[in-house]
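Engineer: I'd like to ask you about the structure that follows.
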Amino acid sequence: MKSPFCVIGLLCALVVGPVVRAEDPPPSNTPPLVNPQVVDKLIDMGNYLRSLPKFEVSAEVSQDTVLESGQKIKSEAISTLTVRKGDRLYAKTEGDVRTREFFYNGKKLTQYSPFLKYYTTVDAAPTLAETLHRIEDHYGLQIPMEDLFLFGRDQAQIDALKEALYVGPSTINGRLCDHLAFRQQGVDWQLWITRAEKPLPCKLVITTTDEASFPEYSAVYRWNLKPTFNDSIFTFKPGKGDVAIPLKKASEQGGE
């Protein structure tokens, strides 16, 4: 940064600055665009989440939908997620747009719409990670807060980062967190991680940068690492009036 006492920057550089030859390397005190310590924090948090034997997390979610006119409409939702040992999952999202429940018991995955009373069940892989990948790839279906299982999981995700910066300390829901900022093709995202032995995500903000309106998604998390539950919550049991419908593969959905 140029001194505030130098009115004409170029003159100051000529008078008091060092002589820099064309073949000299750039100054070494320039911070890297991808800070390795920030990336390490991301990887450590992801590994910790995947190591948990069980957990329950809820999130206050806000998301922008862009109309054809370009106007942004914000919708709100509450999502909850209960996970056991990487092979059991129950998720529910209740929001302005829709309400959905998801049940995964290590063999089957069911998506249920309680207001419409429609449900669809498909065969699932024996692990949660493989199941999430399969249903998104085959059916274009995403589980609420599934990004919690993906942070820092593979090198391709890390290599896609164009920037990884440390913003500073911040307090979310009364917990001291480290605020990190990332940039990759088409997306800027920010992550707040607890500054503690147990690195948990406090908040996530994703901004889509390849759309003119820059729509955002945000989630503020609350964690319970010692939940109590009955394993029956992971298996869907249809009630009176519930109707089974087929789940179309992504290639059959006509871009919808």
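Derivation of every value follows stated rules applied to the coordinates shown; laboratory data play no part. Just so you know, these numbers come straight off a predicted model, no measurement behind them. Glycine also receives a Cβ, built like all others from the backbone with ideal geometry; neighbour counts cover every protein chain displayed.
Engineer: In whole Hz, what ³J(HN,Hα) sequence does the range 89-103 give by Karplus (6.51, -1.76, 1.60; θ = phi - 60°), x for Gly and Pro?
Structural biologist: Along the range 89-103, the couplings run 8, 10, 9, 9, 10, 10, x, 5, 8, 7, 10, 9, 10, 10, 10 Hz.
Engineer: Another question, then. If I take every Cα pair under 8 Å that is 6 or more residues apart in the chain, average their sequence separation and divide by the length, what percent do I get for the relative contact order?
Structural biologist: 21 percent
Engineer: Further question: Treating only the Cβ atoms of Lys and Arg (+1) and Asp and Glu (-1) as charged, compute the dipole magnitude of the range 137-256 about its Cα centre; round to the nearest 20 debye.
Structural biologist: 620 debye
Engineer: Between Gln71 and Leu150, take the C-beta separation as r, use R0 = 22 Å, and let me know the FRET efficiency to the nearest 0.05.
Structural biologist: Between Gln71 and Leu150 the formula returns 0.10.
Engineer: Only bridges with both residues in the chain count here: give the DSSP antiparallel percent, nearest 5.
Structural biologist: 95 percent
Engineer: Extending each Cα 7 Å along its Cβ direction at Glu163 and Lys54, get the distance between those two points in nm, one decimal.
Structural biologist: 4.3 nm
Engineer: How long is the gain from Lys198 to Ala181 if the chain were fully straight, where each residue apart is worth 0.36 nm and the alpha carbon distance is subtracted?
Structural biologist: That pair, Lys198 and Ala181, stretches by 4.1 nm at full extension.
Engineer: Under 19 Å Cα-Cα from Lys41, which lysines qualify once same-chain neighbours fewer than 8 residues away are excluded?
Structural biologist: Hits, sequence-local ones excluded: Lys162, Lys198, Lys203.
Engineer: With θ set to phi - 60° and the Karplus curve 6.51 cos²θ - 1.76 cosθ + 1.60, what are the ³J(HN,Hα) couplings of the range 167-180 in order, to the nearest whole Hz, using x for Gly and Pro?
Structural biologist: Per residue, the Karplus-derived 3J(HN,Hα) values read 8, x, x, 7, 10, 10, 6, x, 10, 6, 10, 9, 8, 10 Hz.
Engineer: How far is it, in nm, from the label point at His138 to the one at Thr209 when both lie 7 Å from their Cα along the line to the Cβ?
Structural biologist: Going from the His138 label point to the Thr209 one covers 3.6 nm.
Engineer: Now, a different point. Using the Cβ atoms and a cut-off under 13 Å, what net charge is assigned to the surroundings of Leu225, where Lys and Arg are +1 and Asp and Glu are -1?
Structural biologist: Overall, the nearby charge balance is +3.
Engineer: Run the helix sum for the chain: -39,500 (n - 2.57) per DSSP H stretch of 4+ residues, divided by residue count, reported at 222 nm to the nearest 500 deg cm²/dmol.
Structural biologist: Mean residue ellipticity at 222 nm (helix-derived): -4500 deg cm²/dmol.
Engineer: Which lysines have a Cα less than 25 Å from the Cα of Lys117, not counting those fewer than 8 places away in the same chain?
Structural biologist: In chain and number order, the partners are Lys92, Lys107, Lys108, Lys237, Lys240, Lys248, Lys249.
Engineer: What whole-number distance in Å separates the alpha-carbon centres of the range 122-142 and the range 52-76?
Structural biologist: That distance is 21 Å.
Engineer: Let me ask something additional. Would the range 189-236 count as rounded, prolate or oblate if I go by the C-alpha gyration tensor, calling it rounded below 1.5 in a/c and otherwise prolate when a/b exceeds b/c, oblate otherwise?
Structural biologist: Oblate is the answer for the range 189-236, as a/c is 1.5 or above yet b/c matches or exceeds a/b.
Engineer: To continue, here is another question. Report, to the nearest 10°, how far helix 36-51 tilts away from the longest principal axis of the Cα atoms in the chain, using its own Cα long axis and a range of 0 to 90°.
Structural biologist: Approximately 20 degrees, to the nearest 10.
Engineer: Any idea what angle helix 128-139 forms with the longest principal axis of the chain, computed on alpha-carbon atoms, 0 to 90 degrees, nearest 10?
Structural biologist: Result, in degrees: 80.
Engineer: Shifting gears a bit: Calculate the dipole size of the chain relative to its Cα centre from +1 charges on Lys and Arg beta carbons and -1 charges on Asp and Glu beta carbons; express the result in debye to the nearest 20.
Structural biologist: Using Cβ point charges on Lys, Arg, Asp and Glu, the chain gives about 920 debye.
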